[in-house]
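The values are calculated or read from the model by the stated rules, or taken from the named source; none is laboratory data. Only a predicted model underlies this, so the values are computations on that prediction, with no experimental measurement involved. For neighbour counting, all protein chains shown are included, and Cβ atoms are generated from backbone atoms with ideal geometry for every residue, glycine included.
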Amino acid sequence: MNGLLAGDRDNGPRGHQVEDIGPILLVEDNPGDADFIEEILADQRSQLIHAASLSRASEILRDIAVNAILLDLGLPDGNGIECVHAIRSVASDAPIVVLTGLDEERLALQCLEAGAQDYIPKSDLKGTSLARAIRYAAARTREASERSRAEQLRALLAGIVEASGDAVFSGGPDGTITSWNPAAERIFGYSSAEAIGTRAHDLLRAVDVENAVEQRGVLAVALQDGSVGEHEITLLARDGRQMTLSMVAFGLPDAEGTIQQFGAICRDVTEKRRQEAQMRAQFEMLKIRDRQMRQLTARLNTVREEEQKRIAREVHDELGQLLTALKMDVWWMNRKLEAGTPLADILVPKLNDASELIEATIETVRRIAAELRPSALDVLGLAAAVEDEARRFEMRTGLSAVCRVDESDLPPPEIATAFFRVLQEMLTNIIRHAQASCIRIDFTTTQEDWRLSVSDDGKGFAEIPKEGASLGLLGMRERVELFGGSIRIAPNSPTGAVVSARVPK
């Protein structure tokens, strides 16, 4: 394109330094004009990149981001407005300042419509004016970009509000509704046309005075302080049904930061609260049933213990007395027979055998009576019963049993009975499964609870038994859980297992 007149080369005041305007792409095929523009921008702290054609400019723009593009409209591979279109196609966001030797208003408007930010005839070029034009163009581009992003964000938010399943609405300082999304229409039953322009407290009818005060207070605080946390209120829908709503309100500041409107989000939690209430009712019913089952189990255990006590007493006292009387009769008959007589030679051995059989039967009766209900538990208490059970365990199995009982604060009879039955089950399991050589029984008391633990040096458990894995373990759990206790199974060191029962005081 034609070069500039020498008289036009006025760079403006020298020495006037301005802020860095960054990398600038100059698309100019005239070397003289390119040199001139580089000269007048020398004091403007810019980095000038030169391209003599549209094709070269396109290559540069694909690799380098520039702050602005100075574009000549008369190039070897493009002319006029098509130059703007070509540059815009590869650099849609970069600001374009058109430089031309033609001072034509119509062309300038066409360039601006095509996407350029400014139009400067080359005859008007000065260093400061060109730099200012570049900055203004960049600023306008940024503003346009920010405005576009804001509009996109606004459209996105509007789409989210429209698609939301929660009621979203806004209102002015007097509570008049200014926006109303489709979910609000569905939840409250009022169309957008009906809601907008109506005061919120007239439309959103509270079920009672307390909820009305809550609703107005939430919106008032939102307008005053800017935000309100989640509140739960009960309102009436258009058809009169009650709704439980989770409501969040917030202030909406204007451009100056002043809160002039409120926004609110309401989620209908009516069904959720109904289900929660139903679950609570079912849970309470389960608690009642569980309490009844525990009471029934406790009663059955009490009845069973009383029955076993009665049977043990009858077996020990009545059957034991009969056997003792029979033993005395056999002894009397043995004494009455004269030694050396043929009858004595026949009867005495038989009577001796009968006496031994009666004695064995008496021992069996005593053992059965003790297993049904050890007399030591009722007469001497838990400590003596535990020690007696340990001695009986040693006699039955030949294993060593170490017993330690803290007698400072023994539990009441019903808990003592539960501990004793748990101990019997623990010892039975050791006999059946543990393959142990010795055991240790500990009964301790603390300020919080009583504890019974039985440890052995047997083979232990390959894995800790799960709850309900055996009737014995289930029975132990049921006995202690009646009193709020628990059973714990753990490995012993170095081998074996430890089974503990705990009942709180």
Filter result (free of Cβ contacts under 8 Å to residues at least 24 places away in the same chain and out of contact with any Asp or Glu (no Cβ under 7 Å at 6 or more places or on another chain)) within region 192-205: ALA193, GLU194, ILE196, GLY197, THR198, ASP202
Counting only residues in region 262-286 that are over 25 Å from the mean Cα position of the chain (by Cα) and not in a helix (DSSP H, G or I), the one nearest to THR176 (Cα to Cα) is identified as PHE262
Which residues, counting only those in region 107-125, are aliphatic (A, V, I, L, M) and part of a loop (DSSP other than H, G, I, E, B)? ALA116, LEU125
Please go through region 319-340 and pick out each residue that is at pLDDT below 80 and either closer than 25 Å to THR364 by Cα or not small (Gly, Ala, Ser) (or both). GLY320, GLU338
Every pair of residues 6+ apart whose Cβ atoms lie under 6 Å, when the first sits in region 411-425 and is under 13 Å from ALA298 (Cα atoms) while the second is of a type in the set (Asp, Glu): THR417/GLU305
Could you please find all residues in region 68-92 being among the small types (Gly, Ala, Ser) and more than 19 Å from LEU125 (Cβ to Cβ)? GLY78, GLY80, ALA86, SER89, ALA91, SER92
Contact list, first residue from region 441-463 and assigned by TED's automatic domain parsing to the domain that holds VAL499 and farther than 16 Å from ALA501 by Cα, second anywhere and in a loop (DSSP other than H, G, I, E, B) and β-branched (Val, Ile, Thr), beta-carbon distance below 8 Å, six or more apart or interchain, is ASP457/THR495; GLY458/THR495; LYS459/THR495; GLY460/THR495
Flag if ARG391 is exposed (fewer than 13 other Cβ atoms within 10 Å of the Cβ), touching a strand residue (DSSP E or B) at 6+ places or on another chain (Cβ under 8 Å) and of a type outside the set (A, V, I, L, M, F, W, C): yes
Before we move on, is LEU351 farther than 28 Å from ALA385 by Cβ, surrounded by 12 or more Cβ atoms within 10 Å (Cβ to Cβ) and not assigned by TED's automatic domain parsing to the domain that holds PHE419? yes
Report every pair of residues separated by at least 6 positions or lying on different chains whose Cβ atoms are under 8 Å apart, first residue within region 272-294 and farther than 29 Å from ARG479 by Cα, second basic (Lys, Arg) and loosely packed, with under 10 Cβ neighbours inside 10 Å. none
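A quick yes/no check of all residues on (1) farther than 18 Å from ALA86 by Cα; (2) crowded, with 18+ Cβ neighbours inside 10 Å:
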position: GLU105; (1), (2): yes, no
position: LEU109; (1), (2): no, no
position: ASP118; (1), (2): no, yes
position: LYS126; (1), (2): yes, no
position: TYR136; (1), (2): yes, no
position: ARG147; (1), (2): yes, no
Taking region 206-230 and keeping only residues that are in a loop (DSSP other than H, G, I, E, B) and either without any contact (Cβ under 8 Å) to a residue 24 or more places away in the chain or among the small types (Gly, Ala, Ser) (or both), one is left with GLY226
Look through region 6-46, keep the residues that are on the phi < 0 side of the Ramachandran plot and in a strand (DSSP E or B), and return whichever of them is modelled with the lowest pLDDT. SER46
Hey, among ILE60, ILE49, ILE134, ILE87, which residue is part of a strand (DSSP E or B) and assigned by TED's automatic domain parsing to the domain that holds GLY32? ILE49
Between a residue in region 164-191 that is under 19 Å from THR258 (Cα atoms) and any residue that is charged (D, E, K, R), which pairs come within a Cβ distance under 6 Å, given they are 6 or more apart or on different chains? GLY175/ARG199; THR176/ARG199
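Among VAL402, VAL480, which is in a strand (DSSP E or B), closer than 21 Å to ALA384 by Cα and not assigned by TED's automatic domain parsing to the domain that holds ARG291?
VAL402
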If SER408 satisfies every condition in (1) without any contact (Cβ under 8 Å) to a residue 40 or more places away in the chain; (2) among the hydroxyl-bearing types (Ser, Thr, Tyr); (3) in a helix (DSSP H, G or I) but one, which is the exception? (3)
Among SER437, SER453, SER408, SER400, the single one that is farther than 26 Å from LEU380 by Cα and either of a type outside the set (Phe, Trp, Tyr) or modelled with pLDDT under 95 (or both) is SER437
Of all residues in region 237-261 being at pLDDT below 90, of a type in the set (A, V, I, L, M, F, W, C) and in a strand (DSSP E or B), which is nearest to ALA184 (Cα to Cα)? MET247
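For residues in region 99-132 being out of contact with any Phe, Trp or Tyr (no Cβ under 8 Å at 6 or more places or on another chain) and of a type in the set (Ser, Thr, Tyr), which is modelled with the lowest pLDDT?
Selected residue: THR128.
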